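The values are calculated or read from the model by the stated rules, or taken from the named source; none is laboratory data. All figures in this text were calculated on a predicted structure; none of them were measured in a lab. Cβ atoms come from the backbone with ideal geometry, glycine included; neighbour counts cover every protein chain shown.
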């Protein structure tokens, strides 16, 4: 299984709009380090059979898929309905054209409701031929479910995202936890035995009311016992060089375009 980190930034990206010369607000991040340039958080999970699951449709989705040379998507899963995770949805129409059919869209009932309210046209029945608009088929999920998304078995679990909630994912021994402030016992149980975990870490040191900081994330990683923790959803005080020099063993910064490989066992199960 291959996981591509399409984007590893927070909701405003890095750099943020602004800066003294209008070229962007980098915070403490070095503009000369390309791995500090971060688009909004999203991933693609590719099975060994070649099917691909897109997690979230960020506003940067078109550029992300082109930069990472992802030519086809077979299904979409939405972690939650915040703008940084859904507003690229219109570009799904091109993905529809490539596969020649509507795409399944997995999300909680609440998230699907928000998507329907904001992108109602995308949920209208397909009227072939062609795709002049995105066409997605709602597939409701609930925390604790294990679903088949484009032939990929995905367990979903609930995460505290401050005043809202998001979904975390478990696929074999891979975990994904973007946009998270706290994890409950059910979430830790879902992540037990994970080998590689991509997790949101917005700040070096909080507190922040909707996102975890580095001390919180490293404590979670120790509790889970994960071998490899890769940080995503990083803000402007998460400089690449600083993280490379200061992160504890087993924890590393992700970057846009980073590819993670998760091996399969001889029986085809993800390990």
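Within the range 225-252, being in a loop (DSSP other than H, G, I, E, B) and either surrounded by 13 or more Cβ atoms within 10 Å (Cβ to Cβ) or in contact with a helix residue (DSSP H, G or I) (Cβ under 9 Å, 6 or more places away or on another chain) (or both) holds for 226, 233, 235, 236, 237, 238, 239, 247, 248, 250. Does residue 27 satisfy the condition of being modelled with pLDDT of 95 or more, over 27 Å from residue 172 (Cα atoms), in contact with a strand residue (DSSP E or B) (Cβ under 9 Å, 6 or more places away or on another chain) and not in a helix (DSSP H, G or I)? Here the answer is yes, as residue 27 does meet what is asked. The residues listed here are 167, 158; of these, the one that is more than 21 Å from residue 38 (Cβ to Cβ), surrounded by 23 or more Cβ atoms within 10 Å (Cβ to Cβ) and either at pLDDT 95 or above or within 16 Å of the chain's Cα centre (by Cα) (or both) is 167. When the range 203-224 is filtered for residues that are in a loop (DSSP other than H, G, I, E, B), surrounded by fewer than 20 Cβ atoms within 10 Å (Cβ to Cβ) and either within 16 Å of the chain's Cα centre (by Cα) or touching a residue at least 12 places away in the same chain (Cβ under 8 Å) (or both), the ones remaining, listed by number, are 204, 208, 209, 210. Among the residues of the range 139-155, just one is free of Cβ contacts under 8 Å to residues at least 60 places away in the same chain and within 16 Å of the chain's Cα centre (by Cα), namely 155. Cβ separations smaller than 8 Å between residues 6+ apart or across chains give the following pairs from the range 92-107 residues that are closer than 22 Å to residue 140 by Cβ to residues that are part of a helix (DSSP H, G or I): 92/122; 102/96; 103/92; 103/95; 103/96; 105/112; 105/115; 107/115.
Taking helices (runs of 4 or more DSSP H) as the structural unit, those lying wholly within the range 42-122 and holding at least 3 residues that are more than 21 Å from residue 235 (Cα to Cα) correspond to 61-67, 92-99, 109-118. When the test is whether a residue is closer than 21 Å to residue 161 by Cα, in contact with a helix residue (DSSP H, G or I) (Cβ under 8 Å, 6 or more places away or on another chain), in contact (Cβ under 8 Å) with a residue 24 or more places away in the chain and buried (at least 19 other Cβ atoms within 10 Å of the Cβ), residue 40 passes it. One residue stands out among those in the range 1-24 that are in a loop (DSSP other than H, G, I, E, B) and surrounded by fewer than 18 Cβ atoms within 10 Å (Cβ to Cβ): the one that is nearest to the chain's Cα centre (by Cα), which is 12.
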